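J.: Got a structure for you, questions after.
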Amino acid sequence: MNKEDIEKFEKAHAQLLGFYEETAILVKKNPNDPMSKFKLQLINKVLATANEIVADIKPFGDFDQFDIDGDMPFNSDVALILGQYIKCMELIKKDNTHMDFGKWYWDEDGDKKKDTIRTSAPVMLSK
């Protein structure tokens with residue numbers, strides 16, 4: 001991954017996590033309430049970027065974004081999809097980062113020796 005890819009990843013990943021946390025609150029209160037069109041439009045923008053990032057390991061081949069012109073999906077549906085995208089993003093992060101002296105770094109352009117772009121530890125998932 002180059003610097004641009006890493007920046008795009010970090011932003012989309014943070015946004016997905018934020019949307020997931022907000023949606024999880026809604027799910028606890030009203031899992032079967034429809035998500036608002038406004039929220040779905042924002043989520044769809046981030047999903048468009050996420051789809052570019054996770055292209056080869058997209059969670060569902062036939063899903064790209066939520067349909068905002070039809071029936072609104074339930075809060076629980078949105079949480080499910082966001083959770084799956086986050087897992088795919090974590091796989092990519094796991095495969096493209098390394099730890100050096102207790103700090104995590106991105107493998108810039110596949111180089112594990114650059115140690116210039118720090119990141120948080122990936123959620124460890126088995127392959």
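The values are calculated or read from the model by the stated rules, or taken from the named source; none is laboratory data. Remember, predicted model here, so these are calculated numbers, not experimental data. Don't worry about glycine lacking a Cβ; one is built from the backbone with ideal geometry, like all the others, and counts go over all protein chains shown. Accessible surface areas use protein heavy atoms only, side chains included; no ligands, DNA or RNA. Shrake-Rupley method; radii C 1.70, N 1.55, O 1.52, S 1.80 Å.
J.: Restricting attention to region 86-120, and to residues there that are part of a helix (DSSP H, G or I) and basic (Lys, Arg), which single residue is farthest from Thr49 (Cα to Cα)? Give the steps one after another, and end with the answer.
T.: As a first pass, look at region 86-120 and keep what is part of a helix (DSSP H, G or I): 86-95.
Restricting the remaining residues to those that are basic (Lys, Arg) gives 87, 93-94.
On the way: Lys87: 15, Lys93: 15, Lys94: 19 Å.
Only one residue tops the list, namely Lys94.
J.: Of the residues in region 40-50, how many are buried (at least 17 other Cβ atoms within 10 Å of the Cβ) and either out of contact with any helix residue (DSSP H, G or I) (no Cβ under 8 Å at 6 or more places or on another chain) or among the small types (Gly, Ala, Ser) (or both)?
T.: Residues that pass the stated criteria total 1.
J.: Next question, about the same structure. Given the criterion among the polar types (S, T, N, Q) and over 20 Å from Lys11 (Cα atoms), identify the matching residue among Asn51, Asn75. Reasoning before the result, please.
T.: Values: Asn51 fails: over 20 Å from Lys11 (Cα atoms).
After ruling out the rest, the residue left standing is Asn75.
J.: So, one more: When you go through (1) in contact with a helix residue (DSSP H, G or I) (Cβ under 9 Å, 6 or more places away or on another chain); (2) at pLDDT 95 or above one by one for Asp77, which number turns out not to apply?
T.: Condition not satisfied by Asp77: (1).
J.: I'm checking my understanding of the structure. Among residues of region 52-76 that are assigned to a helix (DSSP H, G or I) and either aliphatic (A, V, I, L, M) or free of Cβ contacts under 8 Å to residues at least 24 places away in the same chain (or both), which one is most open to solvent (accessible area, probe 1.4 Å)?
T.: Asp56
J.: Quick check on my filter: what residues within region 15-51 are without any contact (Cβ under 8 Å) to a residue 60 or more places away in the chain, closer than 14 Å to Ile92 by Cβ and not β-branched (Val, Ile, Thr)?
T.: Within region 15-51, Ala50, Asn51 meet the criteria.
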